[in-house]
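The values are calculated or read from the model by the stated rules, or taken from the named source; none is laboratory data. As the structure is a computational prediction, the values presented were derived from the model and not from experiment. A quick note on method: Cβ atoms are made from the backbone with ideal geometry, for glycine too, and the neighbour counts reach across all protein chains shown.
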Amino acid sequence: LPDLPFAYTLSVLVGPDTPAGTLLADAPALTRLHLAHCKRLTPAGLRAFAARPKLVELALGGDEMTDAAGDAVAAVRTLEDVSLAGAYPDRLTDRAIAPLGRLPRLRRLTVREGDYTDAGLDALAAAAALEELTVQGCPRV
């Protein structure tokens with residue numbers, strides 16, 4: 001992606017052998033990133049997103065998503081819109097969404113297919129800018 005310094009939105013559907021973090025190396029102007037069905041997307045790979053100073057929207061989903069994703073996403077302090085979807089409901093729990101309450105600019109949050117509870121959602125009360133919360137496929141809420 002070195003030829004995308006002008007890119008504002010990027011939606012990626014990558015194969016199982018493509019590390020998602022390597023896609024971002026040369027796209028400093030990126031403001032919106034959608035990564036879906038990225039089989040190798042891990043919390044460690046998400047740490048590359050923290051270096052994106054203009055990133056305001058992040059949509060994630062992948063087989064390797066775990067609760068550690070919440071801390072990695074919360075490190076991207078510029079985020080306003082976050083969508084977090086787990087491929088397996090038991091891998092994302094309240095520990096994944098609690099750190100998102102620390103995002104100072106978070107306005108919209110969508111969580112899908114996770115083992116979340118009301119207690120986990122209560123942790124989002126710290127997100128003073130939160131205007132919209134969407135919860136889907138979370139049977140314990």
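Miscellaneous remarks
- Among residues of the range 110-135 being in contact with a Ser or Thr (Cβ under 7 Å, 6 or more places away or on another chain) and polar (S, T, N, Q), the one that is surrounded by the most Cβ atoms within 10 Å (Cβ to Cβ) is T110.
- Among the residues listed as T66, T93, the single one being touching a Lys or Arg at 6+ places or on another chain (Cβ under 6 Å) and either at pLDDT below 90 or farther than 25 Å from L30 by Cβ (or both): T66
- Residues of the range 87-125 satisfying the condition of being in a helix (DSSP H, G or I) and either hydrophobic (A, V, I, L, M, F, W, C) or touching a Phe, Trp or Tyr at 6+ places or on another chain (Cβ under 9 Å) (or both): D94, A96, I97, A98, L100, A119, L121, A123, L124, A125
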